[in-house]
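Working notes for the structure below.
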Amino acid sequence: MSQGNTMDDNEWPLYEVFIRSRAGLSHRHAGSVHAADSQMALDHARDVYTRRNEGVSIWVVKSSEIIASDPADASAFFEPAADKIYRHPTFYEIPEGVENL
Amino acid sequence: MYTQGLDQKGENAGRRLDDAGLLAAFQARIDAEEKIEAKDWMPDAYRRTLIRQISQHAHSEIIGMQPEGNWLTRAPSLRRKAILLAKVQDEAGHGLYLYSAAETLGTSRGQMVADLLSGKAKYSSIFNYPTLTWADIGAIGWLVDGAAIMNQIPLCRCSYGPYARAMVRICKEESFHQRQGFEIMLMLSRGSAEQKAMAQDALNRWWWPSLMMFGPGDADSKHSAQSMAWKIKRFSNDELRQKFVDVTVPQAEFLGIRVPDDDLKFNAQTGHYEFGEIDWQEFFDVLAGNGPCNRQRLEKRQRAHDDGAWVREAAHAYAEKHGQRAAA
Ligand SMILES: [Fe+2]
Ligand SMILES: [Fe+2]
């Protein structure tokens, strides 16, 4: 993900590019492109990131529109999940002889 | 390499300003082979080193289109033309992946382009040599892309995530570049006496500049140690150069052309080739702007930039108008 601070006001905005490589898989972040508008962003993303059939679908979104969690707060932010080991199946003891569980 | 790292000065000054605890935690993450991502805390010097290295790398890809582009309209067959066009297009793509990786560090595309055009930013010395014959297109793919691969494979494990990911994409595409170049050399070396002489002549001219792509010898590259500690760099310049010589010399033998080095010999004890002294004066001259094509390369890039200005402005105006209409 890019956080380009635009020094040139005339610079085309930055778009993040997400590509679905084939049906059945999620879109995945591939990189970014500059473009004047969303159609151009799609065209550039196609030319830059799918020259070898790497995708069947592309999403582009303006980088400035993405809201991200702050890595500096990561430990506090994700802390609530840390002590809930009972959310994992390995937490439970199953007596020997019980099957299909 | 594409980033020969020659304009690194005073990188240690900023370190004093950074908090010692943050620095230690950062280094511990690097040592544990964790990747650093764009919004993570990083020392200023790490950021600056990466911006410089990634942007130099991007500029090299962009300028690197010129020597090969020179032969697009004169390729000997439609097949060769299609292949060369695809390769040159890939290099543009490599430049774009890398510019966007550099932008994650807080620089802008406009700033990087301005630094290239003003001559402030460097690009690889190799692209300041001319492509005089079709055989040069073979030699570039085989040797220049070959040397680039040698350097770029370890960069796929670089500590900075966005750079490493860009390098993975690039490396996937590079082996086609090297193979098409070797194939051109193979055709020529199996051709008429004249064609074989062309292949030899290309090797004569491209061999030494290709070895220079790895940058100065380890004794003279004083900033390597810091880049190694940050795991931006995994092997020294001399190590990579040696690997390149070891794999490439047997390929030249297969082609039946001679590597232009009287001191080249295989050392059975070490299992490595020993090779002659590199003319570092030539290297520094080319870097200082006095190579055969430096001025031509920048002029051409400047012209392309200027000629494209109206397109950028028109697209901008169109998007603005369109956006206003959508909002209304
Ligand atoms: Fe490339
Ligand atoms: Fe290449």
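Which of the residues spanning region B:269-290 are at pLDDT 95 or above and among the small types (G, A, S)?
Of everything in region B:269-290, those that are at pLDDT 95 or above and among the small types (G, A, S) turn out to be B:G271, B:G276.
Residue by residue, here is whether (1) over 21 Å from B:Y129 (Cα atoms); (2) open to solvent by less than 90 Å² (accessible area, probe 1.4 Å); (3) away from chain A (no Cβ under 14 Å); (4) assigned to a helix (DSSP H, G or I) holds:
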| site | (1), (2), (3), (4) |
| --- | --- |
| B:V245 | no, yes, yes, yes |
| B:V249 | yes, yes, yes, yes |
| B:D262 | yes, no, yes, no |
| B:Y273 | yes, yes, yes, no |
| B:I278 | no, yes, yes, no |
| B:A319 | yes, yes, no, yes |
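Go through (1) closer than 30 Å to A:A35 by Cβ; (2) more than 12 Å from ligand 2 (Cβ to nearest atom) for B:G93 and report which single condition fails.
Result: B:G93 passes all but (2).
Yes or no: B:G110 more than 11 Å from ligand 1 (Cβ to nearest atom) and in a helix (DSSP H, G or I)?
On the way: more than 11 Å from ligand 1 (Cβ to nearest atom): yes; in a helix (DSSP H, G or I): yes.
It is true that B:G110 is more than 11 Å from ligand 1 (Cβ to nearest atom) and in a helix (DSSP H, G or I).
Taking A:W59 and the conditions (1) part of a loop (DSSP other than H, G, I, E, B); (2) open to solvent by 90 Å² or more (accessible area, probe 1.4 Å), which numbered condition does it fall short on, given that it satisfies the others?
With respect to (1) part of a loop (DSSP other than H, G, I, E, B); (2) open to solvent by 90 Å² or more (accessible area, probe 1.4 Å), A:W59 is out only on (1).
Across region B:256-294, what is the total count of residues that are within 18 Å of the chain's Cα centre (by Cα) and among the hydroxyl-bearing types (S, T, Y)? Spell out how you get there, then give the answer.
First, pick out the residues of region B:256-294 that are within 18 Å of the chain's Cα centre (by Cα): B:283-284, B:286-289, B:291, B:293-294.
If we keep only those that are among the hydroxyl-bearing types (S, T, Y) too, we end up with none.
Residues that pass the stated criteria total 0.
What number of residues in region B:50-81 are more than 15 Å from ligand 2 (Cβ to nearest atom) and either charged (D, E, K, R) or within 22 Å of B:R169 (Cβ to Cβ) (or both)?
Qualifying residue count, region B:50-81: 11.
Do you know which residues across region B:56-106 are part of a loop (DSSP other than H, G, I, E, B) and either more than 17 Å from B:A304 (Cβ to Cβ) or within 14 Å of chain A (Cβ to nearest Cβ) (or both)?
B:W71, B:A75, B:P76, B:S77, B:T104, B:L105, B:G106, listed by residue number.
Given the residues B:N128, B:N151, which is the only one that is within 12 Å of ligand 1 (Cβ to nearest atom) and either touching an Asp or Glu at 6+ places or on another chain (Cβ under 7 Å) or not β-branched (V, I, T) (or both)?
Only one candidate qualifies: B:N151.
Go through region B:255-275 residue by residue and tally those that are of a type in the set (A, V, I, L, M, F, W, C) and more than 16 Å from B:A202 (Cα to Cα).
Of the residues in region B:255-275, 4 are of a type in the set (A, V, I, L, M, F, W, C) and more than 16 Å from B:A202 (Cα to Cα).
Being open to solvent by 10 Å² or more (accessible area, probe 1.4 Å), out of contact with any Leu (no Cβ under 6 Å at 6 or more places or on another chain) and near ligand 2 (Cβ under 9 Å from one of its atoms) narrows it down to one residue among B:I170, B:I153, B:I149; which is it? Step through it out loud before you land on a result.
Values: B:I170 fails: open to solvent by 10 Å² or more (accessible area, probe 1.4 Å); B:I153 fails: near ligand 2 (Cβ under 9 Å from one of its atoms).
Just a single option satisfies the conditions, and that option is B:I149.
Please go through region B:80-105 and give me each residue that is of a type in the set (D, E) and either within 9 Å of ligand 1 (Cβ to nearest atom) or open to solvent by 10 Å² or more (accessible area, probe 1.4 Å) (or both), ordered by number. Can you show your working first?
If we filter region B:80-105 for residues that are of a type in the set (D, E), which is where we start, we get B:90-91, B:103.
Within region B:80-105, B:D90, B:E91 meet the criteria.
Out of A:F91, A:F78, I need the residue that is out of contact with any helix residue (DSSP H, G or I) (no Cβ under 7 Å at 6 or more places or on another chain), exposed (fewer than 12 other Cβ atoms within 10 Å of the Cβ), free of Cβ contacts under 8 Å to residues at least 24 places away in the same chain and not charged (D, E, K, R). Which one?
Only one candidate passes the filter, namely A:F78.
I need the full set of residues from region B:188-225 which are open to solvent by 60 Å² or more (accessible area, probe 1.4 Å), among the polar types (S, T, N, Q) and assigned to a loop (DSSP other than H, G, I, E, B), in order please.
None; the set is empty.
Determine, yes or no, whether B:A229 is touching a residue at least 24 places away in the same chain (Cβ under 8 Å) and open to solvent by less than 30 Å² (accessible area, probe 1.4 Å).
Details: touching a residue at least 24 places away in the same chain (Cβ under 8 Å): yes; open to solvent by less than 30 Å² (accessible area, probe 1.4 Å): no.
No; evaluated as a whole, the condition is false for this residue.
Looking at A:S69, A:S26, which one is within 23 Å of B:A101 (Cβ to Cβ), away from chain B (no Cβ under 13 Å) and loosely packed, with under 13 Cβ neighbours inside 10 Å?
When all the criteria are applied, what remains is A:S26.
Confirm whether B:A304 is part of a helix (DSSP H, G or I), small (G, A, S) and at pLDDT 95 or above.
Values: part of a helix (DSSP H, G or I): yes; small (G, A, S): yes; at pLDDT 95 or above: yes.
Yes, satisfied.
The values are calculated or read from the model by the stated rules, or taken from the named source; none is laboratory data. Note that this is a predicted model, so its numbers are computed, not measured. As a convention, Cβ positions derive from the backbone with ideal geometry for all residues, glycine included, and neighbour counts pool all protein chains shown. Side chains are part of the model used for accessible areas, which takes the heavy atoms of the whole protein and leaves out ligands, DNA and RNA. Shrake-Rupley method; radii C 1.70, N 1.55, O 1.52, S 1.80 Å.
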